[in-house]
Amino acid sequence: MEYTLPVLDDQLKVIIAEYPTPFHLYDERGIRDRARLLQRTMNEAGVPRFQNYFAVKALPNPEILKLLVQEGMGADCSSLAELAIAEMCGLSGEQIMFSSNDTALDEFRYASSLGAIINFDDLSMVQPYINSFGAPEVGCCRFNPGDIEFGGVNVDIIGNPREAKYGMPLDDMIAAYKQLKEAGVTRFGIHTMLLSNELDWRNHEEIADALFGAATAIAHEVGINFEFINLGGGIGVPYRPTEHEFDLRGFAIALKKLYDAHDLERIGSPRIVMENGRYITADSGYLVTTVANIKRTHKVYVGLDASMSDLMRPALYGAYHHMSVLGKQHDTDLEEVDVTGSLCENNDKFAIDRMLPHLEVGDVLVIHTTGAHGHAMGFQYNGKLRHAELLFDPGGGVRMIRRAETLEDYFATLTQKGNYHVPTN
Ligand SMILES: Cc1ncc(COP(=O)(O)O)c(C=O)c1O
């Protein structure tokens, strides 16, 4: 796997002159190409009426969702803010999938007012929802088979199904659909989301097999048909140079075969839906930073002007993100360093024991594959503010699609404010 930038080094320097680092840069063409590849591959394999609902949590910026809506996607939302982003982008009704857990009533109210598909995470939520908002137009429940064991990276992030807090076992699913049917619901879908950043399509196939089987069992037991089967997100991307691209074609062909083998026409010929976030935007995002400090003590620590509040995945999951240094991409004389942020947390490290070219203060270091679950996971611990997001458009222009936070933003929620003065020079 090779890691490149969507812009030339000189172009990036011009961008940095206008928008000081750190910032997240997204490549519109890359995002659109990926959206088209997914749709085209599923269509070519004959996967029935495939549609991706972009997982808004991966990159919750309306400018990004707008372009994915143009590419034919719906939105997968899990909170008030994500529902609001979907509404801002003109989505409503069944183009929004609301998959939450531990859900607050105001979230259900908003989702219901938009006509979103409500995806029930637990049996205990169905009747209270019906009591508060009436029967939903479409009844959908989240399945957790409990007994599939995986190996690999996904376990670190999402856990084995039995340990995952999401979804319900088959018996509860059957009870939930019975309640929905008794409440007058006539249209149904089914959902699961059990994999995260999974590069092996056979694991995705295994999930689809389990879900198709569950859908068939439920359809027969409850006496209903399904309009859609939602396999969740979780298609992986190669974060490491040694990893390979996901074999999308292999997966699409397997999916179609599985659809036919389960004879899903007998349960209403459901359309196949996914809600990938990472696969759509991760590769097209770059965290552009500047080396702020180099410290040589027990190890060499390269301090950046960004911190884990800009990209939490390495600290949270020990995740690897590839790095390149502007103008030094082809250097062969490397040095082992830890790449750090400035938070008072020792796990604020973008890389540990990484071989990088010899760095100097002022070097521009680009962290790759940050377009999903990157800026979105930002936080303000230590008073670190979230930085700007820029979009590089296919015409070669760059525009800011979210400004950097300021101290005013940080203090905006205080009920008592005092005076302060930050010198600027
Ligand atoms: C319910 C649900 N759907 C979709 C996704 C998107 O996952 P990914 O970005 O890995 O495709 C997530 C991620 O956490 C999720 O929780």
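The values are calculated or read from the model by the stated rules, or taken from the named source; none is laboratory data. Values in this document were obtained by computation on a predicted structure and should not be read as measured data. So basically every Cβ, Gly included, is an ideal-geometry build from the backbone, and we count neighbours across all protein chains shown. Remember, those area values only see protein heavy atoms, side chains included, never the ligands or the DNA or RNA. Shrake-Rupley method; radii C 1.70, N 1.55, O 1.52, S 1.80 Å.
The table for this structure:
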| item | result |
| --- | --- |
| Odd one out for residue 98 among (1) within 16 Å of the ligand (Cβ to nearest atom); (2) open to solvent by 10 Å² or more (accessible area, probe 1.4 Å); (3) not in a helix (DSSP H, G or I) | (2) |
| Residue match in the stretch 65-72 (condition: surrounded by 19 or more Cβ atoms within 10 Å (Cβ to Cβ), closer than 21 Å to residue 400 by Cα and within 16 Å of the ligand (Cβ to nearest atom)) | yes |
| Candidates 143, 50 - the one that is more than 14 Å from the ligand (Cβ to nearest atom) and among the aromatic types (Phe, Trp, Tyr) | 50 |
| Every residue from the stretch 231-255 that is open to solvent by less than 60 Å² (accessible area, probe 1.4 Å) and either more than 16 Å from the ligand (Cβ to nearest atom) or assigned to a helix (DSSP H, G or I) (or both) | 241, 248, 250, 251, 252, 254, 255 |
| Segments classed as helices (runs of 4 or more DSSP H), wholly inside the stretch 117-202, with at least 2 members that are of a type in the set (A, V, I, L, M, F, W, C), modelled with pLDDT of 95 or more and open to solvent by 10 Å² or more (accessible area, probe 1.4 Å) | 126-133, 170-182 |
| Residue match in the stretch 252-268 (condition: within 30 Å of residue 232 (Cα to Cα) and under 17 Å from the mean Cα position of the chain (by Cα)) | no |
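Conditions (1) at pLDDT 95 or above; (2) of a type in the set (Asp, Glu); (3) open to solvent by 40 Å² or more (accessible area, probe 1.4 Å), marked per residue:
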| site | (1), (2), (3) |
| --- | --- |
| 321 | yes, no, no |
| 328 | yes, no, no |
| 335 | yes, yes, no |
| 341 | yes, no, no |
| 345 | no, yes, yes |
| 372 | yes, no, no |
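Each row is one residue, and each column tells you yes or no for (1) within 16 Å of the ligand (Cβ to nearest atom); (2) small (Gly, Ala, Ser); (3) in contact with a Pro (Cβ under 8 Å, 6 or more places away or on another chain); (4) outside the structural domain of residue 402 (by TED's automatic domain parsing).
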| site | (1), (2), (3), (4) |
| --- | --- |
| 309 | no, yes, no, no |
| 326 | no, no, no, no |
| 331 | no, no, yes, no |
| 336 | no, no, no, no |
| 364 | no, no, no, no |
| 384 | no, no, no, no |
